[in-house]
There are 2 protein chains.
Amino acid sequence: MPPAPQRPAAPAGTAGLPATTARVLDLVASGAVSSRADLVRELGLAASTVSARVQELVDQGLLAEDGEGTSRGGRRPRLLRIPDDGAVALAADLGSHHVRLGAVGLTGGVHDVEEHAANLAEGPAATLGLLVERLRVLAERQRAAGRTVRGLGVGFPGPVDTVTGRVVAPSRMPGWHLFALRDRLAEQLGLPVLVDNDANVMALGEHRTALPSLRHLVLVKAGRGIGSGVISHGQLYRGAGGAAGDISHVRVEAAAERPCSCGNIGCLETVASGAALVAALRERGLPVDGAADVLRLVQDGEPQATTLVRQAGRHIGTVLSVVVNFFNPQAVVLGGALAEAEPLVAAVRGMLYERCLPMATSDLTITASTTGPDAGLLGAGHAALREPAAS
Amino acid sequence: MPPAPQRPAAPAGTAGLPATTARVLDLVASGAVSSRADLVRELGLAASTVSARVQELVDQGLLAEDGEGTSRGGRRPRLLRIPDDGAVALAADLGSHHVRLGAVGLTGGVHDVEEHAANLAEGPAATLGLLVERLRVLAERQRAAGRTVRGLGVGFPGPVDTVTGRVVAPSRMPGWHLFALRDRLAEQLGLPVLVDNDANVMALGEHRTALPSLRHLVLVKAGRGIGSGVISHGQLYRGAGGAAGDISHVRVEAAAERPCSCGNIGCLETVASGAALVAALRERGLPVDGAADVLRLVQDGEPQATTLVRQAGRHIGTVLSVVVNFFNPQAVVLGGALAEAEPLVAAVRGMLYERCLPMATSDLTITASTTGPDAGLLGAGHAALREPAAS
DNA sequence: GCTCTTCCTTCGGATGCCGAAGAAAGAGCG
DNA sequence: CGCTCTTTCTTCGGCATCCGAAGGAAGAGC
């Protein structure tokens, strides 16, 4: 018996492309290459292979030739470009207190970004209502602008079983455990949906749009919570049980016996997360309500906030130093609201250079996310455009 | 210009087998499978593919049919076995104060193991002399026993550039920096040689002989020093610069400001390595000279030694808890001399179960090496038998 | 003795890669 | 201006690895 079709006949698109073909698209979309010869150099494949892959993509309309470039002493290269024919994926980046939405195109652009307050702790029902409503409007707007909507990618701030598309035991968010987020959204929107952890989609976004040539990188999302996404051998690394990338529930000295939402004590999260900083600043009488407020105070030069954020960076750096020695990545990328605070980035850098082995840091890039607040949307959208649709 | 032949014409052997073919051999050698049908189930490949691969191997004499098994309700399977035709690789496991040698066969057996005292700190010349002398005798003995020597695998207790086969900046071993260990040995023995870090070869040994079906595991070698080898997606993970797997130079609270051989302070190594335990026990007036002596004291129930070893296990467990949350492996395997001390294993287990996320430990195996002191030899030998010879 | 299961092989075909050869189109130089 | 060298890209034949369909061989169970 063939599996029941879970979704309306998906438009033939980028979904389910072979690995090499997808890499060609990513490299062109990111601007890292602009001709077949560039691809040969970047991919290390035979020219004939690259030529064949490019031809396929051109035939499918996923890639277009766009005039000629400048000669480097021989024949001029024929430039390649992603035709912005309007294929987009909707993308949703869920946070514990907000949802950010947008439509991501093949070229890596994000259209019609919007952000709404939402409290995920109130359970799936309320959030889902808002989400579906806004996504329908967003989809309609894309179609009105002549763009085809190919799917939806969602980043969720907690563990996700990517095989079933269900949320797994998120802390501080009662009612979400085993909620079939993917299937509910797919039903209500009539689109193929992909759901993954927020740090994972952010790692994908950074890797695919900013650093596609790197093989091993760690993205740390420092917002209200702390998460990380791992790219290994150019691919998202999930570990044995899909739980890889947690650095939030590691015990740090400074957190002593503070109880954590995970049920343990002394976790990094209790001293270095946005939520912890908000609590600490409120105790000191400062009017803050979220990680964004903390960031604002830091940017205004408020001394207590700056000290706390720098201290948080040190704690994160302490934990990351173990990760860097062990995993030896090419880059550590800091994302999330707090990564926009320079003192945090500086503290992480300092800690890593002080504590890690020279062999691990000599070729290590440590940087704040270059794609800013849209990194999660980009990753979720890209993944939805590229992955086999039903996953 | 073709590359100059670096070594005498290598005998056609298992060297440089395609990945799938090598996996077939590993699975049969480890006893995990015993028929083509088993291979189909284990590898998830089409029966026709498995059949073709097996046929190739049988034709090459690397695999043999060995009668029939018992029926499971249909035709009896034709059993497969590795013919012990006597193809072996020499293997050398170098420690800072000893070298262990043996010959590893395709079936996973180790012949003629011997161990000699040697002080690597005296520089490469002295060690190399002993090594080459003993290896020549060992090779001769293999040939006299009718076995073919196909190569040499070496585990070195420090960083190794596996591309060039050179030692890189090992601490406490002056004279070894950039020493071309692989090429020197290859010249003097006339064999293809493979050199890698000792923890890496040990991880390979454990993975290939005991746990070949696992995709992600971490092996910790706790001997005089502390190292780790990482298997990710079934393959050795080296990281961006080949430095992956270090857990020894992570700062731990209890080590305070103790200076470490790496030039930093407060490293795990200064409180949990065999060298550190030896120093601590000597300070207390106990006559110990190496990790083996420490182990003996523990097994004799000496209280101070037991306390120290348990404490060392806690420190190692503390660092490993970060690794387990981040990397989410299927197994943590403890090897090296100290792993034979039950209190250390128990302490690591306790620490991991206490500190890690339930999601990371629910399906995690934490165990001492099942291959014992020969794990390193097995890994080095296996690697030498399987890898493209000149690497 | 019949059917169903299990094990394994044979055959044709798809995919993805490669290298050799060469065509197209420029730069540089005498 | 014409010649050569460089760069870019395509065409073509070939190889390696995998697949699925079909079927043969040999058992268990009724």
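Applying the selection to segment B:297-327, what residues are more than 23 Å from the chain's Cα centre (by Cα), without any contact (Cβ under 8 Å) to a residue 24 or more places away in the chain and part of a helix (DSSP H, G or I)?
B:LEU297, B:PRO303, B:GLN304, B:THR307
The rows are residues; the columns are (1) within 16 Å of DNA strand D (Cβ to nearest atom); (2) under 23 Å from the mean Cα position of the chain (by Cα); (3) more than 14 Å from chain B (Cβ to nearest Cβ); (4) farther than 24 Å from A:GLY225 by Cβ.
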| position | (1), (2), (3), (4) |
| --- | --- |
| A:GLU68 | yes, no, yes, yes |
| A:GLY86 | no, yes, yes, yes |
| A:GLY95 | no, yes, yes, no |
| A:HIS98 | no, yes, yes, no |
| A:GLY109 | no, yes, yes, yes |
| A:GLY155 | no, yes, yes, no |
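Checking the condition within 11 Å of DNA strand D (Cβ to nearest atom), closer than 23 Å to B:GLN235 by Cβ, at pLDDT 90 or above and away from chain A (no Cβ under 14 Å), which residue from B:GLU42, B:GLU56 passes? Let's see the steps before the verdict.
On the way: B:GLU42 fails: within 11 Å of DNA strand D (Cβ to nearest atom).
It is B:GLU56.
On the basis of being open to solvent by 40 Å² or more (accessible area, probe 1.4 Å) and within 14 Å of chain A (Cβ to nearest Cβ), does B:ARG172 make the cut?
On the way: open to solvent by 40 Å² or more (accessible area, probe 1.4 Å): yes; within 14 Å of chain A (Cβ to nearest Cβ): no.
No: the conditions fail for B:ARG172.
State the number of residues belonging to segment A:66-113 that are without any contact (Cβ under 8 Å) to a residue 24 or more places away in the chain and within 16 Å of DNA strand C (Cβ to nearest atom).
Counting residues in segment A:66-113 that are without any contact (Cβ under 8 Å) to a residue 24 or more places away in the chain and within 16 Å of DNA strand C (Cβ to nearest atom) gives 10.
When residues of segment B:21-60 are filtered for being away from DNA strand C (no atom under 12 Å from the Cβ) and charged (D, E, K, R), how many remain?
The number of residues fulfilling the criteria is 2.
Any idea how many residues of segment B:157-169 are within 14 Å of chain A (Cβ to nearest Cβ) and part of a loop (DSSP other than H, G, I, E, B)?
Of the residues in that region, 5 qualify.
Which numbered condition trips up A:GLY285, out of (1) at pLDDT 95 or above; (2) more than 14 Å from chain B (Cβ to nearest Cβ)?
(1)
Kindly check whether there is at least one residue in segment B:319-334 that is within 10 Å of chain A (Cβ to nearest Cβ) and at positive phi. First the steps, then the outcome.
Within segment B:319-334, the first condition is being within 10 Å of chain A (Cβ to nearest Cβ), and the residues that meet it are B:319-331.
Imposing the further condition that a residue be at positive phi reduces the set to B:328.
Scanning segment B:319-334 turns up at least one residue that is within 10 Å of chain A (Cβ to nearest Cβ) and at positive phi.
What's the number of the only condition in (1) within 23 Å of B:GLY229 (Cβ to Cβ); (2) open to solvent by 10 Å² or more (accessible area, probe 1.4 Å) that A:MET351 fails to meet?
Tallying (1) within 23 Å of B:GLY229 (Cβ to Cβ); (2) open to solvent by 10 Å² or more (accessible area, probe 1.4 Å), A:MET351 fails exactly one: (1).
Inspect segment B:213-236 for any residue being at the interface with another protein chain (Cβ under 7 Å from one of its Cβ atoms), on the phi > 0 side of the Ramachandran plot and surrounded by 20 or more Cβ atoms within 10 Å (Cβ to Cβ) and give the result as yes or no.
no
Which condition from (1) open to solvent by 20 Å² or more (accessible area, probe 1.4 Å); (2) outside the structural domain of A:GLY245 (by TED's automatic domain parsing) is the one that A:GLY379 breaks?
(1)
With respect to A:THR148, determine if the residue is over 20 Å from the mean Cα position of the chain (by Cα), more than 14 Å from chain B (Cβ to nearest Cβ) and among the polar types (S, T, N, Q).
The answer is yes for A:THR148.
Out of the residues in segment A:335-365 that are within 13 Å of another protein chain (Cβ to nearest Cβ), touching a helix residue (DSSP H, G or I) at 6+ places or on another chain (Cβ under 7 Å) and not in a loop (DSSP other than H, G, I, E, B), which is nearest to B:VAL218 (Cα to Cα)?
Only one residue tops the list, namely A:ALA360.
Among (1) more than 11 Å from chain B (Cβ to nearest Cβ); (2) buried (at least 17 other Cβ atoms within 10 Å of the Cβ); (3) of a type outside the set (Ser, Thr, Tyr); (4) under 19 Å from A:ARG172 (Cβ atoms), where does A:GLU302 come up short?
The number of the failed condition is (4).
Whether any residue in segment B:112-133 is under 19 Å from B:ASP374 (Cα atoms), open to solvent by less than 10 Å² (accessible area, probe 1.4 Å) and in contact with a helix residue (DSSP H, G or I) (Cβ under 9 Å, 6 or more places away or on another chain) is what I want to check. Let's see the steps before the verdict.
Taking segment B:112-133 as the starting set, the residues that turn out to be under 19 Å from B:ASP374 (Cα atoms) are B:112-118, B:131.
Okay, now just the ones that are also open to solvent by less than 10 Å² (accessible area, probe 1.4 Å), so B:131.
Now narrow it down to the ones that are in contact with a helix residue (DSSP H, G or I) (Cβ under 9 Å, 6 or more places away or on another chain): B:131.
For segment B:112-133, residues under 19 Å from B:ASP374 (Cα atoms), open to solvent by less than 10 Å² (accessible area, probe 1.4 Å) and in contact with a helix residue (DSSP H, G or I) (Cβ under 9 Å, 6 or more places away or on another chain): present.
Look at A:LEU63 and say whether it is farther than 27 Å from A:ARG182 by Cα, surrounded by 17 or more Cβ atoms within 10 Å (Cβ to Cβ) and within 16 Å of DNA strand C (Cβ to nearest atom). Give the derivation first.
Details: farther than 27 Å from A:ARG182 by Cα: yes; surrounded by 17 or more Cβ atoms within 10 Å (Cβ to Cβ): yes; within 16 Å of DNA strand C (Cβ to nearest atom): yes.
Judged against the criteria, A:LEU63 is a match.
The values are calculated or read from the model by the stated rules, or taken from the named source; none is laboratory data. Keep in mind that what you see is a predicted model, and the values were worked out from it rather than measured. Please note: Cβ atoms are built from the backbone with ideal geometry, for glycine as well, and neighbour counts cover all protein chains shown. Ligands, DNA and RNA are stripped out before the accessible areas are found, and what is left, the full protein with its side chains, is counted by its heavy atoms. Shrake-Rupley method; radii C 1.70, N 1.55, O 1.52, S 1.80 Å.
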